[in-house]
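For reference, the structure is listed below as structure tokens.
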Amino acid sequence: MQVSINGKSHELAGADPDMPLLWALRDLVGLVGTKYGCGVAQCGACTVWLDDVPIRSCQMPLGAIKDRAVTTIEGLAGDILHPVQEAWIAHDVAQCGYCQAGQIMSAAALLKSNPNPSSEAIEGAMAGNICRCGTYSRIVAAIQTASTRLQGLSFYEVGHDTTESQFDGKVSV
Amino acid sequence: MSTGAVHGLKRRDFIRYSSFGLALGSGGISVVATAKTSAPANLLNPYVVIHDDGRIVIAAPNPDVGQGVNTALPMIVAEELDADWKAVEVILAPIDANRFGAQFAGGSLSVRNRWNELRQMGAAAREMILRSAAQQWGVPRVELTTQPSMVLHPPSGRSASFAEFVAAATEQPVPADGEVVLKARSDYRLLGQRIVNAAASDIVRGRPIFGIDVSVPEMLYATYVKCPQIGGVPKTANLAEVKGLAGILDAFIIAGDAGPPSFDLSKSIHVAGGVAIVASNTWAAIKARRTLKVEWDISSASTDDSAAIEAKALKAAERATGEREVKNSGDPEAAFANAKRVLSSVYATDFISHAQLEPQSCVAHTTATAVEVWTSSQTPGYAQATLAKLFELPAEAITVHQVRGGGGFGRRLSNEYVREAAVISKHMGKPVKLQWMREDDMAFDFYRSPAYFGLQAALSESGELTGWRNHVVSVSSDGEEANYGAGYRGYNFPDDVIPNVHISQTMLASKTPTGAWRAPISNVYAFAEQSFLHELAEAAGQEHREFLMAALGEDKWFKPDDLASLNTVRAREVIAAVTRAAGWGRGLPEGRGLGLGFFFSHAGHVAEVAEVSVNADKQVTVHEVWVAADLGQIVNLSGAENQFQGSVVDGVSALADQRISIRSGAIEQTNFHQYPLLRLPQSPKINVEFLASDYPPSGAGEPALPPVAPAICNAVYAACGERIRSLPISRAGFQVV
Ligand code: FES
Ligand code: FES
């Protein structure tokens, strides 16, 4: 079985077509940024993109992926971090960090389809991602910052709540 | 030590750090640290390594399960070292009591316990660098000073990087305590600032830093199926059928210990009986559970029924005194006999689960002579000790690597899943990753004990609070000793403040395992006491804030110099601050209300105000929460604030609709659809204010949690006139929207 992940084709020879993409990523491909939280589409920790649409990888059997392209948290950044990732650092969003790959994938997908989301749109897009540590207010602030950035405004014009000295705005990978 | 390198970590790096005593876990933090430089390293003390190229590596001693100590603790070292934080790399310290003392995450104690030690370590390393610089430059030591990562000689204007002197500094004798002068607070460059979590960069990239991400060569994948009726053990299972499934390498019964486990962290070597399924990947193991059929022996299993426990408890709590007296001060009999008014209320809280987002996992490699584990345990020292006992090996034969955990909240204080992984690995003769399913996590937690409070208060003619009785009914494994998290806490408001007080307990027998859940004990006491105090204020016809201020009595620090004791001056200050910030007393539209809660726990004085609205369908919107706290010196402002914001969300989450119910010894909830966690749209706006404070720092992980429930329930009362006396509030028909 061939699966395209982060722009690279992976041969998953002999893999069980029932295997959820989540476990294939983690155990077969070695991309463990995508997390297991519930296995029943409740928490969003396993969020990845299938052709730019955020999905719960714990619910996506390998056999159903076909020729759609998978993007995981490891594939989100190019040469520099995605603005959502940058904003996540600038706002010091994470506590334990376990939910954050899923949060970031949901947020980046939202901004891709709606670069200037309203509060309601943010709530709607992020309601499927649980943060047990309760970082929600920082998640909202980070999305707003990333949105501003994506619309071409300077990162620093919007202000953020962590020391700028800790963050040069261009974290290279 | 296993011979294999940890996933993502080069063997060369591993050896390099091991030789300096800084063996690494599997964390991406450490991977980053080792990737950044290959310059020779100089070990100044167990916490500080400075490379010849100026990079400074600081070891984070305690487990980080989201409470931010991998940032806060190294910051304390860096402050006294006067390190340039941008040049600091944080690595996870090895678990080694000889070098790092007690390494655990609990009780909001990491910062409080290590404050002096870590400042001393940083200052001693700085002193060694300065002494070397003095020798090298031929100038008196007293003429030298530092700027971040630089040594300065003001008389000559000379300056150089720490790196110039570190090799020679390692030869310096370690300065004794008292030979170094710690910084004055006014000279702090780092402490109190907003510093980004040391793991942030790894987290946003999805780097392999969590327990679940650990992978070692030849590792197999296991799941472990236990009896839903807690404490049952397997009799037989269709093992042959399971072994025949694709990807399954083995399936076997672990006889284990019959009966429920105890929360005896330092001693328990309990391994629950069950069936291990070992596979070539996690999914194959999970899928095989569908085929597995087990016949259980339930003769020693729990037969708990939470509805029956509750019925008994509510009946018992109607009495204002219980079986065992815990405190009797003043003359409560007389106070109640002479009271103008006596009020009684019963408050109730359910069992709840931790539901940390990362389900338990552990990688273990057990051989005949050694055990090596990678775990996100909050008590890695106990993991080591209990593994040694279980396998009858010397402590040196057990290696525990700490790995970042995806949430803790007290769940990772127990190490039963570590023992399970080690036992499975021994059977297989290979390293094994044991992965618990979410359903396992919910079915086999150490739950927060339920607690029921029979509260009674005496009010004088003038509405003064003159007497207080609290009969606490909770659970006990043996029917006598309170389970962990079900007991009485000392240094209490109002118990220590009111003149005539009687506190007693009644313990109901229960076999369901219970343990510490964020701000244990405090989280239920706060709800009951602070709600009841609001009831009393109403009954006395007094404004709540003024009533609370008066009830706090005289200005007093109950045990001066003990941060863990109540200080009524600090208490009043946070109440004043939070009510100021929230605009306490302002007019609100119909259906809206403000509520106040104060609590002192984990050495933190915290007051909170919630603004809610309640509609005719009893839907509660929590609009905004204000928090004011005195935590002493703030270490990392961003981290502490994040903990406080999270505590408020956690508090709302728990009070909304979280409850664990038990039938015939088995937990009824299985996953988040039956045990809801608060989601972003329900999350309130949160304002946090830390008061400027001359006290030493105390921890930020827990003390903001207890006041949340009373603040919200008092606000609901203000909004709609209905008093909530049970948690979760869904039990009284309320719904958080
Ligand atoms: S693991 Fe997929 S939604 Fe929770
Ligand atoms: S940061 Fe811990 S679950 Fe979100």
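In summary, the helical segments of chain A meeting the span-like criteria, namely a full DSSP H run, a Cα extent along the axis of 18 angstrom or more and a mean Kyte-Doolittle hydropathy of at least -0.5, are A:100-113, A:136-150.
Ranked by the mean number of other Cβ atoms within 10 Å per residue, highest first, peptides B:336-342, B:412-418, B:395-401 order as B:412-418, B:395-401, B:336-342. In chain B, Cα pairs under 8 Å separated by at least six residues give a relative contact order of 14 percent. Can you list the residues of the range B:356-373 that have at least 30 square angstrom less accessible area with all protein chains present than in their chain by itself, probe 1.4 Å? Residues shielded by partner chains are B:L357. The alpha-carbon of B:K86 sits under 17 angstrom from the alpha-carbons of these lysines, leaving out residues fewer than 8 places away in its chain: A:K170, B:K36. With a ≥ b ≥ c the root eigenvalues of the C-alpha gyration tensor of chain B, is it rounded (a/c under 1.5), prolate (a/b larger than b/c) or oblate? Cα axes put chain B in the oblate bin. Of all lysines in the structure, the ones whose alpha carbon falls short of 21 Å from that of A:K8, not counting any fewer than 8 places away in one chain, are A:K35, A:K66. Take each residue in B:279-287, count the other chain C-beta atoms within 10 Å of its C-beta, and the mean is 5. Computing the accessible area with a 1.4 Å probe over protein heavy atoms, can you report the carbon and sulfur percentage for chain B? Of all accessible area on chain B, carbon and sulfur atoms account for 50 percent. Counting only DSSP beta bridges with both residues in the range A:2-76, the antiparallel share comes to about 85 percent. Share of carbon and sulfur in the accessible area of the range A:83-157 stands at 51%, probe radius 1.4 Å. Every helix of 4 or more DSSP H residues in chain B counts as -39500 (n - 2.57), and over all residues that averages to -8500 deg cm²/dmol at 222 nm.
The mean number of Cβ atoms from other chains found within 10 Å of a Cβ in peptide B:672-683 is 6, as a whole number. The overall shape of the range B:488-553, judged from the alpha-carbon gyration tensor, is prolate: a/c is not under 1.5, and a/b is greater than b/c. With the convex hull drawn around the C-alpha atoms of the range B:398-519, the volume per residue stands at 162 Å³. Taking packing as the residue-averaged number of other Cβ atoms within 10 angstrom, the listed peptides B:149-155, B:228-234, B:183-189 run from highest to lowest as B:228-234, B:149-155, B:183-189. Where both bridge residues fall in chain A, DSSP classifies roughly 85% of the beta bridges as antiparallel.
Taking a span of 30 Å or more along the helix axis (Cα atoms) and a mean Kyte-Doolittle hydropathy of at least 0.0 as the rule, the DSSP H helices of chain B that qualify are B:637-657.
The orientation-averaged projection of the convex hull spanning the C-alpha atoms of chain A amounts to 9.7 square nanometres.
Counted over the range B:42-184, the DSSP beta bridges are approximately 70% antiparallel. Averaged over residues, the count of other Cβ atoms within 10 Å places the peptides A:119-126, B:450-457 in the sequence B:450-457, A:119-126, highest first. Straight-line cross-link reach from B:K389 at under 18 Å between alpha-carbon atoms covers these aspartates and glutamates, not counting any fewer than eight positions away in the same chain: B:D96, B:D257, B:D264, B:E372, B:E416, B:E420.
Peptide B:85-92 shows a mean partner chain C-beta count of 1 within 10 Å per residue C-beta. Only protein heavy atoms count here, probed at 1.4 Å, and on that basis chains B and A bury about 5000 Å² of accessible area in total. Heavy-atom surface analysis with a 1.4 Å probe gives the range A:2-76 a carbon and sulfur content of 50 percent of its accessible area. For the protein assembly as shown, the solvent-accessible area works out to 34 Å² per residue, with a probe of 1.4 Å and every protein chain left in place.
The values are calculated or read from the model by the stated rules, or taken from the named source; none is laboratory data. Values in this document were obtained by computation on a predicted structure and should not be read as measured data. Cβ coordinates were reconstructed from backbone atoms using ideal geometry, including for glycine residues, and neighbour counts include every protein chain displayed. Please note that ligands, DNA and RNA were not included when accessible areas were found on the heavy atoms of the full protein model with its side chains. Shrake-Rupley method; radii C 1.70, N 1.55, O 1.52, S 1.80 Å.
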